1. What ranking, highest mean first, results for peptides A:119-132, A:340-353 when packing means the other Cβ atoms within 10 Å averaged over each residue?
2. Which residues' amide hydrogens lie under 5 Å from the amide hydrogen of residue A:533, considering only partners 5 or more residues apart or on another chain, with H built in the peptide plane?
3. Beyond 32 Å between alpha-carbons counts as too far, so tell me which of A:536/A:559; A:104/A:240; A:93/A:299 fall in that bin.
4. How much accessible area does residue A:283 have with a 1.4 Å probe, in Å² rounded to the nearest 10?
5. Counting only heavy atoms of protein chains, what accessible area per residue, in Å², does the stretch A:391-470 have with a probe of 1.4 Å?
6. Let me check something: with ligands and nucleic acids excluded, how do A:511, A:577, A:529 order by accessible area (1.4 Å probe), largest to smallest?
Amino acid sequence: MPTPRVIYWFRTDLRLHDSPALKAALDLSPEVLFPIWCWDSHYVYRARCGVNRWQFLLDCMNDVSASITKLNKKSQLYVLREPAVTILPKLFKAWGITHLVYEKDTDAYARERDVEVRRLAKEAGVEVVERMGRTLWDPDELVKANGGKPTMSMSQVQHAGAKVGEIQAVVETPTSLPDPGDLHLKKLEQQRPEVEPDINSQYREQDERSYDQGLAGPKKDFAPPTLEELGMPAATTPIKGGETVIWKRLHEEIFADEDYTGTFAKPNTSPAAFDPQSTCLTSPYLHFGALSVRYMYHKTEEIVERRKKAKKAVSEPPTSLTGQLLFRDMYFAAQAALGYAFGQTYNNPSCRFIPWHLPSKVSTSSKLITGSYEIDSEEAEVQFRRWRNGTTGFPWIDAIMRQLKQEGWIHHLARHAVACFLTRGGAYISWERGAEVFEEWLVDHEAACNIGNWQWLSCSAFYAQFYRCYSPVAFGKKWDPEGGYVRRYVPELKDMPKKYIYEPWKAPLVDQKKAAVRVDGDGSEEEKDGVKLYPKPMLDFNKQREVCIEGLKTAYRVKLYGNSRQVLDGTWKELFDDTAEGPTEGKMGGPGGLDTWDDAEGFGHDEDDGEGEQPVKKEKKPAASSPKATRGHKRERSQGTLDGAFKKKAK
DNA sequence: GCCAGGTTGATGGT
DNA sequence: ACCATCAACCTGGC
């Protein structure tokens with residue numbers, strides 16, 4: 001057996017502390033170790049990653065690279081400007097690799113990529129070593145312990161977690177690293193093919209920009225790129241990425257304040273607090289793996305246990321700090337169980353079907369569904385744009401959306417406020433449209449959590465109390481009666497009297513004049529006759545609230561899910577007509593999703609919904625006129641980008 | 001089948 | 001700060 005020559009492939013784990021995968025790599029006692037990042041994964045081949053998250057990723061890369069160099073002057077993070085599936089086979093050969101080691105990633109897209117990578121490794125005689133380090137428990141094991149079903153509630157996670165066993169202990173941080181070997185850059189660059197397979201030609205333009213710089217970048221030093229190299233403008237977020245950044249803050253500020261850590265209760269933290277924010281803001285570091293979630297969990301538990309012994313107050317899950325981490329695991333496991341379908345309503349057995357005024361792009365791109373919506377979606381489209389722009393005319397909503405765009409981060413409850421407002425508590429627009437905006441702008445965007453939370457807030461899954469509705473006026477007022485948060489992020493209202501700060505359209509003209517702002521228009525103009533403008537509200541909230549609740553009531557009565565037959569074949573609409581009164585007997589067209597791919601896995605929602613229809617299990621393929629209808633679309637919401645590209649190549 | 005509980009509503013009372 | 005009420009969803013335990 002030759003001495004191991006190892007590639008350590010960084011993906012979701014830009015850290016050196018508490019990394020089970022890195023430890024596994026070092027436990028091989030390798031002769032050489034190449035720490036690499038491939039120009040791959042979600043960050044190149046994706047439609048939507050805003051500049052702020054890009055910057056945060058680059059911060060994390062630079063930081064971990066510097067930490068590597070500290071342990072071994074000859075080493076660094078080698079950022080390769082080529083996707084894993086094409087560069088890895090070449091590296092295996094050129095570097096004489098025996099082992100490929102990485103942290104397990106259960107993201108739907110990552111799984112598909114990694115299946116291909118395993119195949120390529122096998123072909124090259126390279127052993128793959130994979131370790132879980134991204135969540136408290138392995139999402140696949142949580143799902144298994146949950147009866148093979150997606151985890152849809154906190155109690156399910158806690159029960160399944162108890163079955164899986166103790167959360168893995170923290171592993172030690174390496175104090176030294178092996179040398180990397182000769183990189184053979186010239187040889188590798190000569191071998192560079194025209195990018196084959198052509199993974200997602202739709203992102204071609206962006207790819208080419210980086211390929212033009214060569215495999216090792218403009219300076220041939222394998223350094224992380226700059227935003228300039230990527231052709232992007234400067235970032236606007238004040239949040240700085242990197243393991244050392246969060247490590248310092250975690251110990252010097254968060255854990256150092258044991259009262260804060262030990263009694264943390266999410267619902268009691270203010271969404272209107274800024275500078276500093278009311279929560280610990282660890283999410284983006286967890287996302288990029290710059291902070292280990294298990295380290296955070298164990299350290300928090302240590303503090304909580306110490307306080308318990310001292311008979312000091314502590315908080316408990318789900319509202320405590322560790323409770324927040326449990327929710328994260330819940331969403332990861334739900335995603336692991338559902339794969340690509342988790343990211344959309346269409347063909348998702350866990351997601352309730354609600355006929356939003358502005359449907360998702362998947363719905364509208366499906367021939368089966370287009371045309372079935374008769375609602376004035378043009379008005380909804382305008383409302384969507386105003387929501388995105390932060391010009392809804394509701395200062396609380398607009399302040400949040402503007403903070404999100406500028407800084408890439410908003411408080412959890414602020415996310416609730418704007419998500420509820422966009423979907424079931426205001427504009428009645430599909431959660432998928434909102435999720436896309438968060439995906440682009442959040443520095444902490446985690447596909448599983450973002451998707452899960454949008455389903456939660458829109459009452460599509462996880463949560464059902466749709467009559468609990470956030471008011472765009474009252475909710476902000478409750479947390480911030482003076483309106484300081486609004487004044488900070490909607491500066492045109494900074495001198496508006498407190499009385500009108502959440503409802504400026506009610507301010508008499510004389511007050512508007514004093515505040516040097518005119519409440520008028522739809523947000524398309526910033527100024528008129530030399531006076532600053534703030535838009536009038538884009539909808540009557542109290543009226544819309546009624547419309548939304550009625551809509552949700554109907555949708556819950558009709559009881560269709562994303563994989564119901566009527567959703568897949570586009571005949572759902574008749575079920576929503578004439579549903580105003582009475583029970584639903586006889587109105588439903590039969591169980592919905594019994595004949596879709598999900599049923600093989602046994603967790604459709606349709607088998608037990610009573611209502612007295614005969615099971616139509618027998619009719620194998622429904623009246624789907626397109627193969628899309630049964631296989632479902634894959635989306636690019638950070639899951640799913642490779643689609644057919646791999647498969648073609650695999651043959 | 002009943003009933004309590006569900007991380008984070010709003011309002012109007014004390 | 002702590003109620004009840006509004007209307008009424010689902011899940012989980014018995």
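The values are calculated or read from the model by the stated rules, or taken from the named source; none is laboratory data. Model, not experiment: these values are computed from the prediction. When we count neighbours, we look across all protein chains shown, and the Cβ atoms used for this are built from the backbone with ideal geometry, even at glycine. For the accessible areas, the whole protein counts, side chains as well, though only heavy atoms, and no ligand, DNA or RNA atoms are used. Shrake-Rupley method; radii C 1.70, N 1.55, O 1.52, S 1.80 Å.
1. On the way: A:119-132: 15.8, A:340-353: 26.4.
Highest-to-lowest ranking by the protection proxy: A:340-353, A:119-132.
2. Amide H neighbours of residue A:533, under 5 Å, 5+ apart: A:518, A:527, A:528.
3. Values: A:536/A:559 36 Å; A:104/A:240 26 Å; A:93/A:299 42 Å.
Among A:536/A:559; A:104/A:240; A:93/A:299, the Cα-Cα distance tops 32 Å for A:536/A:559; A:93/A:299.
4. Surface accessible to solvent at residue A:283 totals approximately 40 Å².
5. Values: 1410 Å² over 80 residues.
Normalised by residue count, the accessible surface of the stretch A:391-470 is 18 Å².
6. Working: A:511 30, A:577 80, A:529 145 Å².
From most accessible down to least: A:529, A:577, A:511.
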